[in-house]
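Reviewing the structure listed below.
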Amino acid sequence: MEERGLRKVYEGKAKILYDYNGSGDKLIAYFKDDATAFNGQKKGTIINKGEYNNAISVSLFKLLKNNGIESHFIEKLSDREMLVHNLKMFPVEFVVRNYTAGSLAKRMRVEEGVKLLSPVVELYFKNDELGDPMINETYVEAFDLGKIEDVLEAKDTAIKINEILKNFFDKNGLLLVDYKLEFGVLNGKTMLADEITPDTMRLWDKVTLEKVDKDRFRRDLDGVEDAYKRIYNITSKI
Ligand code: ADP
Ligand code: TMP
Ligand code: ASP
């Protein structure tokens with residue numbers, strides 16, 4: 001990429017961002033095969049993850065757009081690259097849950113896989129060093145993490161997205177257990193950004209309850225690549 005004269009703006013755990021045309025208003029998001037868990041404490045590689053996650057995100061951003069949800073996505077550039085608007089990101093992770101799993105199951109000391117009576121929405125401060133602590137709306141105002149009305153709008157959008165994604169995966173034999181979204185602002189407009197992939201969602205087979213997401217990597221289960229491939233195959237029909 002640097003060979004192509006592109007300036008690297010940021011390298012994270014799963015993606016690299018490059019400035020597209022020198023103006024800084026558009027970015028190329030390059031999806032890596034690197035996999036991390038537990039805020040970077042566990043590291044590994046998932047073969048072809050970059051290609052699967054780029055394609056899966058592209059398809060899901062298109063599905064959301066068809067259902068009235070705008071995102072940073074502009075176009076797919078290559079197997080591992082998408083062009084996106086450069087947003088001023090909220091340093092906040094929005095997690096939506098339909099079933100108990102992961103940190104919610106631990107926090108509430110309940111079994112995994114219990115259907116929640118209504119979706120749970122959580123906000124986390126995006127900061128690896130602090131281990132992404134859970135926050136709420138009052139932190140957003142008190143620590144100036146974004147305009148409160150923008151963050152509340154993002155939270156509403158995260159819940160709207162739930163209906164669209166839950167129905168899509170349900171039709172394709174999967175339970176949408178939970179997922180993480182990130183949002184930012186472009187010209188005063190709050191917009192969905194980052195990625196929607198098996199790295200950032202928990203998906204379980206409706207019949208066998210088998211995990212079809214990054215939990216296979218987190219929990220040292222086999223068939224990690226096959227899980228990503230299954231989600232790729234499902235979303236490539238969008
Ligand atoms: P992390 O930073 O958590 O290691 P990634 O490796 O996925 O995660 O890096 C991608 C980074 O790009 C994230 O920090 C995310 O907040 C940021 N990002 C995602 N979409 C955009 C966008 N449209 N504009 C600016 N930054 C973005
Ligand atoms: P959790 O149960 O570990 O809090 O995770 C909830 C959901 O959010 C799960 O689908 C994985 C996703 N997630 C991320 O994408 N990034 C993160 O840093 C964390 C902690 C979770
Ligand atoms: N995304 C975080 C990490 O890369 C946590 C996770 O997905 O488990 O460490």
Report every pair of residues separated by at least 6 positions or lying on different chains whose Cβ atoms are under 9 Å apart, first residue within the stretch 41-55 and within 16 Å of ligand 2 (Cβ to nearest atom) and charged (D, E, K, R), second open to solvent by less than 40 Å² (accessible area, probe 1.4 Å) and part of a strand (DSSP E or B).
K42/A35; K42/T36; K43/A35; K43/T36; K43/A37; K49/F31; K49/A35
Tally of residues being in contact with a strand residue (DSSP E or B) (Cβ under 8 Å, 6 or more places away or on another chain) and either open to solvent by 60 Å² or more (accessible area, probe 1.4 Å) or part of a strand (DSSP E or B) (or both) across the stretch 19-44
16
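Return the residues of the stretch 102-117 that are at positive phi and within 18 Å of the chain's Cα centre (by Cα); say none if nothing qualifies. Break it down stepwise before answering.
Let us first name the residues in the stretch 102-117 that are at positive phi, namely 102, 109, 113.
Listed by number, the list holds a single entry, G102.
Within the stretch 210-227, identify whether any single residue is within 16 Å of ligand 3 (Cβ to nearest atom), assigned to a helix (DSSP H, G or I) and β-branched (V, I, T), and answer yes or no.
Within the stretch 210-227 (the criterion being within 16 Å of ligand 3 (Cβ to nearest atom), assigned to a helix (DSSP H, G or I) and β-branched (V, I, T)), the answer is yes, since at least one residue qualifies.
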Within the stretch 1-18, how many residues turn out to be part of a loop (DSSP other than H, G, I, E, B) and either of a type in the set (S, T, N, Q) or open to solvent by less than 30 Å² (accessible area, probe 1.4 Å) (or both)?
4
Which one of L130, L123 is within 16 Å of ligand 1 (Cβ to nearest atom) and surrounded by fewer than 12 Cβ atoms within 10 Å (Cβ to Cβ)?
L130
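Does A37 satisfy the condition of being in contact (Cβ under 8 Å) with a residue 12 or more places away in the chain, within 15 Å of ligand 2 (Cβ to nearest atom) and either touching a helix residue (DSSP H, G or I) at 6+ places or on another chain (Cβ under 6 Å) or more than 23 Å from I231 (Cβ to Cβ) (or both)?
Working: in contact (Cβ under 8 Å) with a residue 12 or more places away in the chain: yes; within 15 Å of ligand 2 (Cβ to nearest atom): yes; either touching a helix residue (DSSP H, G or I) at 6+ places or on another chain (Cβ under 6 Å) or more than 23 Å from I231 (Cβ to Cβ) (or both): yes.
Taking the combined requirement at face value, the residue satisfies it.
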Condition test on L165, is it over 26 Å from Y30 (Cβ atoms), among the aliphatic types (A, V, I, L, M) and surrounded by 12 or more Cβ atoms within 10 Å (Cβ to Cβ)?
no
How many residues are open to solvent by 10 Å² or more (accessible area, probe 1.4 Å), away from ligand 1 (no atom under 16 Å from the Cβ) and of a type in the set (V, I, T) if we restrict to the stretch 186-229?
3
Quick check on my filter: what residues within the stretch 169-193 are under 16 Å from the mean Cα position of the chain (by Cα) and farther than 19 Å from K126 by Cβ?
F169, L176, V177
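The values are calculated or read from the model by the stated rules, or taken from the named source; none is laboratory data. Note that the coordinates shown come from a computational prediction; the quantities given were computed from them, not determined experimentally. Positions of Cβ are backbone-derived with ideal geometry, glycine not excepted, and every protein chain shown enters the neighbour counts. Note: areas computed on protein heavy atoms with side chains; ligands, DNA, RNA excluded. Shrake-Rupley method; radii C 1.70, N 1.55, O 1.52, S 1.80 Å.
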